[in-house]
Amino acid sequence: MRKIQIDLPSSGLVLEACLDLPPVPGPFPGVVLCHPHPLYGGNMNNNVILAVSRALSSNGIASLRFNFRGVGRSQGCFDNGIGEREDAQAALLLLANQEEIDSSRIGIMGYSFGGMVALAVGDTNDVVRAIAAVSPVIPANVLKKCTKPKLIVTGAEDNIIPPSSVLKETAGMAEPKIIELIPGVDHFWWGYEAKVGNIVAGFFAHVLAFGR
């Protein structure tokens, strides 16, 4: 996997980002990856985010990891999910404009807090063709009319975002959608990184790399 450090402009700020490319010639489908909560140690090098990036690369898909405002070397400060949505929008624009990327095959994925951001942004951003979220905080009434392919994966033992609440909130989402509950997994996915990476990458490989 080739890693390219990139400055990501967002609302007058400069954010830290990394473009991860497969080790073969492009152009590639691409996925923006949104990390967990900035105030609880979340960053673009999170275990789940890195696992998804590696699995995507193995499937011939590029990814753009970035630090939300106020995280790592990114300028600014935490903005309660509002500015962070602007950051994700900016990341999608940057990814779509990379010469190695096929801008007609773009997705977005997020984990936990990042899942909330990814679901909200993916719902309305026209660049996004497919949406995935791992153990997400699910915004109310999100994706009710969105017919883009959707994947929601959560752990059956998650005691931070209970699976029951995830199942309740996803029930009203428009089709097509895939909801997966993984036995034995809590919110943090320690020891299950490869599994969740492969699930997410397999989804994007199907809907972006090879069509629906």
Enumeration of residues in the stretch 6-45 that are open to solvent by 50 Å² or more (accessible area, probe 1.4 Å), touching an Asp or Glu at 6+ places or on another chain (Cβ under 8 Å), in a strand (DSSP E or B) and closer than 26 Å to Arg129 by Cβ: Asp7
Contacts under 9 angstrom Cβ, first residue in the stretch 1-27 being closer than 26 Å to Phe78 by Cβ, partner open to solvent by 90 Å² or more (accessible area, probe 1.4 Å) and at pLDDT below 95, 6 or more apart: Leu19/Arg2; Asp20/Arg2
Check on Asn141, within 29 Å of Ala90 (Cβ to Cβ) and out of contact with any Leu (no Cβ under 7 Å at 6 or more places or on another chain): yes
Members of the stretch 122-134 that are open to solvent by less than 60 Å² (accessible area, probe 1.4 Å) and touching a residue at least 60 places away in the same chain (Cβ under 8 Å): Ala130, Ala132, Val134
Conditions (1) open to solvent by less than 10 Å² (accessible area, probe 1.4 Å); (2) out of contact with any Phe, Trp or Tyr (no Cβ under 8 Å at 6 or more places or on another chain); (3) part of a strand (DSSP E or B): number failed by Ser53: (3)
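Take the conditions at pLDDT 95 or above, more than 19 Å from Met173 (Cβ to Cβ), open to solvent by 10 Å² or more (accessible area, probe 1.4 Å) and touching a strand residue (DSSP E or B) at 6+ places or on another chain (Cβ under 8 Å) and apply them to Ser104. Does it pass? Can you show your working first?
Numbers: at pLDDT 95 or above: yes; more than 19 Å from Met173 (Cβ to Cβ): yes; open to solvent by 10 Å² or more (accessible area, probe 1.4 Å): yes; touching a strand residue (DSSP E or B) at 6+ places or on another chain (Cβ under 8 Å): yes.
Against the criterion (at pLDDT 95 or above, more than 19 Å from Met173 (Cβ to Cβ), open to solvent by 10 Å² or more (accessible area, probe 1.4 Å) and touching a strand residue (DSSP E or B) at 6+ places or on another chain (Cβ under 8 Å)), Ser104 qualifies.
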Single unsatisfied condition, Val48 versus (1) buried (at least 24 other Cβ atoms within 10 Å of the Cβ); (2) assigned to a loop (DSSP other than H, G, I, E, B): (2)
In the stretch 64-101, the residues that are open to solvent by 40 Å² or more (accessible area, probe 1.4 Å) and among the hydrophobic types (A, V, I, L, M, F, W, C): Cys77, Phe78, Ile82, Leu93
Condition met for Ala120 (in contact with a helix residue (DSSP H, G or I) (Cβ under 7 Å, 6 or more places away or on another chain), farther than 13 Å from Pro38 by Cβ and not in a strand (DSSP E or B)): yes
Members of the stretch 135-180 found to be touching a helix residue (DSSP H, G or I) at 6+ places or on another chain (Cβ under 9 Å), crowded, with 18+ Cβ neighbours inside 10 Å and either hydroxyl-bearing (Ser, Thr, Tyr) or not in a loop (DSSP other than H, G, I, E, B) (or both), listed by number: Ser135, Lys150, Leu151, Ile152, Val153, Thr154, Gly155
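The values are calculated or read from the model by the stated rules, or taken from the named source; none is laboratory data. Predicted model only: the values in this text are computed from it and were never measured. No Cβ is skipped: glycine too gets one built from the backbone with ideal geometry, and neighbour counts run over all protein chains shown. We work out accessible area using only protein heavy atoms, side chains counted, and drop any ligands, DNA or RNA first. Shrake-Rupley method; radii C 1.70, N 1.55, O 1.52, S 1.80 Å.
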